[in-house]
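These notes are about the structure you will find just below.
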Amino acid sequence: MTDYNDEFWMRHALTLAQRAWDEGEVPVGAVLVQGNRVIGEGWNRPIGHHDPTAHAEIMALRQGGKVLENYRLIDTTLYVTLEPCVMCAGAIVHSRIGRLVFGARDEKTGAAGSLLDVLGHPGMNHQVKMTEGILAQQCAGMLSDFFRMRREQKKALRKSVKQ
């Protein structure tokens, strides 16, 4: 059995983030792994699904729960390209994943230590091990490029409307 590493799985999460980008969604990808086997994948889809909970992490956790036929995703690792928000951090705690690995920090809404520390809060009924900064530059770069492109599109649209 091949022993995959964190960078391998984060690269996989980045390919899922690209799927989000291709669908016009904020490019965040997540992959849920148990014993070097993918049991869940997700990418941001709230716009296309008309669902504010359709974040990459939630999509991966839902799929993992179906695969394992259990909402408790014990002995799993969730790889995500961006630090989870409060909603996703809560779902991570409730799902009992063993480990979270994320790429880029989210200073505006991150709930794994940036803005809030939901996952590290001592009052939580489950403690999640965390590793951060895996392929952080690639993860953050994809998000920066996406938002730069969106700003340029809006600027071009405003310019064409004025003409």
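The GluC sites (Glu not before Pro) of the stretch 4-80 meeting both criteria, a DSSP state outside H, G, I, E and B (loop) and at most 10 other C-beta atoms within 10 angstrom of the site's C-beta, are E69.
Annotation for the stretch 61-127: trypsin sites (Lys or Arg not before Pro) lying in DSSP loop with at most 10 further Cβ atoms inside 10 Å of their Cβ are K108.
The residues of the stretch 6-161 expose on average 52 square angstrom of accessible surface per residue, using a 1.4 Å probe on protein heavy atoms.
Relative to the longest principal axis of the Cα atoms of the chain, helix 56-68 runs at roughly 40 degrees. For the chain, the longest principal axis of the alpha carbon atoms and the long axis of helix 136-162 meet at an angle near 30°.
Applying the criteria of a DSSP loop state and at most 10 other Cβ atoms within 10 Å to the GluC sites (Glu not before Pro) of the stretch 76-163 yields E107. The alpha-carbon of K155 sits under 26 angstrom from the alpha-carbons of these lysines, leaving out residues fewer than 8 places away in its chain: K108. Bridging of K162 to lysines at a Cα separation below 25 Å is possible for K154, once same-chain residues fewer than 8 apart are set aside. (i) 35, 25, 15; (ii) 138, 12, 8; (iii) 29, 17, 15: which one is semi-axes √(5λ) of the Cα gyration tensor in Å as calculated from this entry? Derived directly from the coordinates: (iii).
The values are calculated or read from the model by the stated rules, or taken from the named source; none is laboratory data. The shown structure was predicted, so the numbers you read here are calculated from the model rather than taken from an experiment. Glycine also receives a Cβ, built like all others from the backbone with ideal geometry; neighbour counts cover every protein chain displayed. Calculation scope for accessible area: heavy atoms of the full protein, side chains included, ligands and nucleic acids excluded. Shrake-Rupley method; radii C 1.70, N 1.55, O 1.52, S 1.80 Å.
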